[in-house]
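The values are calculated or read from the model by the stated rules, or taken from the named source; none is laboratory data. Quantities reported herein were computed from a predicted structural model and do not represent experimental measurements. We place every Cβ from the backbone using ideal geometry, glycine too, and count neighbours over all the protein chains shown.
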Amino acid sequence: MHRTPPDRPGGRHIADDPLLDASDGTLATRARDGDVHAFEVIARRHGPLMRVLAGRLLGSDVETDDVVQEAFLVAWRRLGDLDDPGTLRAWLMRIVGNRSIDRLRVRRDHDDVDAYERPAPRSEAPDRQVETRLQLDAMWSALDKLPLDQRRCWLLRETAGYSYAEIAQALDLPTSTVRGQIARARVFLMGEMEAWR
Amino acid sequence: MTDEMLDAPETAETDQALSRALTRALRGAPGVVDVFDAHPVVEAAVTLVAEGLELAEPTGLVDVDRSGGLLSVAAHVATDVAVPTPQTLARAADVIRQTVAELGADADEVVVSVTARLVEAPLEAAPPAE
Amino acid sequence: MTPIDDSAPLDAAELVDGVPVDELVDYLDRGRTPRDPRIEGSAECRLYLQALDRVTRLSHASLEREAEREPDRDDTWITGLLETIRHEVVGGRDIPVGHPDPATKLSVTEAAARGLVRRAGDDVDGVLLSSTSFDGDVDTAGAPVVVRVTAAVRYGLDLNAVADQLRDRVAATLGLHTELAVTAVDVTVDDVWLPGDRGTGTGSGGGPDGGPTDTGTEEARR
């Protein structure tokens, strides 16, 4: 089976690949114009955070790979819609937020909404700075302690940039409930982080 | 797509075989680095990614359309950046006509269309000298 | 660990020094502008904003950190994705290539031609192209075409010399692989970068020259 890999610019070694240092705006513009390699750089750069966000929204890591791949396919097809290529990251977070919500809807239709919920796994990789590590550990655990609905509302707003109305529509909840969920999440998270001043 | 309801079943099968044969022949044509699906665009399913489906055999990638006495062949290829693309395309068209003739799949008139959708360096090529 | 009491009614009118919490949240979201003297004049409000800001930043940072710590996953997910995408590159217009036989139609897609222009840019040291486009009836043989590109150039290079080099490469590669009648290559430099510098999110400005520089349209040399 004759296959060629995604095109490497000028045949240079990967270590010299200038696209690795390119801004999101440049990558998005090139990818919009058909540069598959630029899209590969985008996928490697933003895929990990998208996967983490999907995992926290879905409540487990079981379907995150599928959700992230779907998100990238959607992104590729709709790059022409991205008015400001510099906002690529936020745009990608919204798309993966949408795909995650769609998955939740499918689960809801099958009556196994949060059957997959499990505690957030931690990567075993060593860390850099001790002080910040403790704070980030505390935040990660705090997010994990939140009831799933509060966590979803919180992350959709803070990380995926949804408005209250958009969250309400996505999760099929009244807007007032969404505000209440986020308020509770905020109170809890601020309380948890008090200990780490 | 071949209108298989009107053609005799043997012709439809032959045309699929022709498409596969043309795909194989093109891969070996000088300057052709890859062959893409030339059939009318269909929305790619997400399952394509999930299942790691390969767009190759058993379906041929070259579009073969036969109606009346006219045989239309359309191929989409990736060409080698080290070879002038017009030259590669012309050779690819020759390969297509030869293959059609060899398989006895001629019609009264054969129209051949070859489109380069990508120009790239093949994997096996030596890196350019510094 | 105290269980979360999801049923306890939340005081919607929760106030910090007389200011509703919702108002403080919106104020922080807006970047604390325009400056509200009532809020900024209250120590309690400012402490609250500090704590809230910390929480939102830490929330995002904890996810980012987890993303960075993810073990290097195997490449199968990305290989499959890219294969699908390669086959979905929208071709754009078909640029005709001549052939003596009228029953033989050869062409190069506009997408392929853009790829050639980007490749030419990648071959010029210190240049990184972003947008590439063709002005003119590329699908009509012999029609005049202007190639337009936007580029980021490494700091310290002579912009005009680099633009000339780029024009030469673009003309050469399009001449080798297409039959486009390129009358000009228009180069706009809209960014300057330092080696090893990860670009900002906007992909524009930031260099000593500030805004975009149009090095002009020049007759393409063949």
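The set of residues from region B:95-112 being free of Cβ contacts under 8 Å to residues at least 12 places away in the same chain and among the charged types (D, E, K, R) comprises just one member, B:Glu102.
The single residue among C:Glu88, C:Glu110, C:Glu179 that is touching a Lys or Arg at 6+ places or on another chain (Cβ under 8 Å), modelled with pLDDT of 95 or more and under 23 Å from B:Ser113 (Cα atoms) turns out to be C:Glu110.
C:Arg119 fails exactly one of the following numbered conditions: (1) in contact with a Pro (Cβ under 9 Å, 6 or more places away or on another chain); (2) within 21 Å of A:Arg77 (Cβ to Cβ); (3) in a helix (DSSP H, G or I). What is the number of that condition? With respect to (1) in contact with a Pro (Cβ under 9 Å, 6 or more places away or on another chain); (2) within 21 Å of A:Arg77 (Cβ to Cβ); (3) in a helix (DSSP H, G or I), C:Arg119 is out only on (2). If you go through region C:130-173 and keep only what is closer than 20 Å to A:Ser23 by Cβ, touching a helix residue (DSSP H, G or I) at 6+ places or on another chain (Cβ under 8 Å) and touching a residue at least 24 places away in the same chain (Cβ under 8 Å), you end up with C:Ser130, C:Val149, C:Thr150, C:Ala151, C:Ala152, C:Val153, C:Leu166. Among the residues making up region A:145-197, a single one is surrounded by 18 or more Cβ atoms within 10 Å (Cβ to Cβ), small (Gly, Ala, Ser) and not in a helix (DSSP H, G or I): A:Ala160. Just one of (1) part of a helix (DSSP H, G or I); (2) surrounded by 24 or more Cβ atoms within 10 Å (Cβ to Cβ); (3) at the interface with chain A (Cβ under 9 Å from one of its Cβ atoms) fails for C:Ser130. It is (1).
Please go through (1) more than 21 Å from the chain's Cα centre (by Cα); (2) in a strand (DSSP E or B) for C:Leu157 and return the number of the only condition it doesn't satisfy. For C:Leu157, the exception is condition (2).
With B:Ala107, B:Ala75 as the choices, which residue is at pLDDT below 95, outside any helix (DSSP H, G or I) and aliphatic (A, V, I, L, M)? Criteria check complete, one pass: B:Ala107.
The residues of region A:21-35 that are buried (at least 24 other Cβ atoms within 10 Å of the Cβ) and part of a helix (DSSP H, G or I), listed by number, are A:Asp24, A:Gly25, A:Thr26, A:Leu27, A:Ala28, A:Thr29, A:Arg30, A:Ala31. Within region A:63-76, one or more residues are surrounded by fewer than 24 Cβ atoms within 10 Å (Cβ to Cβ), closer than 30 Å to B:Ala82 by Cβ and either at pLDDT 95 or above or not assigned by TED's automatic domain parsing to the domain that holds A:Val106 (or both).
If you scan region A:88-107, which residues turn out to be among the β-branched types (Val, Ile, Thr) and surrounded by fewer than 19 Cβ atoms within 10 Å (Cβ to Cβ)?
Start the filter on region A:88-107 by keeping residues that are among the β-branched types (Val, Ile, Thr), which leaves A:95-96, A:101, A:106.
The one that is among the β-branched types (Val, Ile, Thr) and surrounded by fewer than 19 Cβ atoms within 10 Å (Cβ to Cβ): A:Val106.
Listed here are the helices (runs of 4 or more DSSP H) enclosed by region C:35-111 that have at least 2 residues being out of contact with any Asp or Glu (no Cβ under 8 Å at 6 or more places or on another chain) and either at the interface with chain A (Cβ under 10 Å from one of its Cβ atoms) or closer than 24 Å to A:Gly55 by Cα (or both): C:43-69, C:76-86. Would you confirm, using the coordinates I've provided, whether A:Ser176 is modelled with pLDDT of 90 or more and either not assigned by TED's automatic domain parsing to the domain that holds A:Arg56 or not acidic (Asp, Glu) (or both)? Yes; evaluated as a whole, the condition is true for this residue. Return yes when A:Asp102 is modelled with pLDDT of 90 or more, among the charged types (D, E, K, R) and not in a helix (DSSP H, G or I) and no when it is not. Considered against the rule, which asks whether it is modelled with pLDDT of 90 or more, among the charged types (D, E, K, R) and not in a helix (DSSP H, G or I), A:Asp102 comes out as no.
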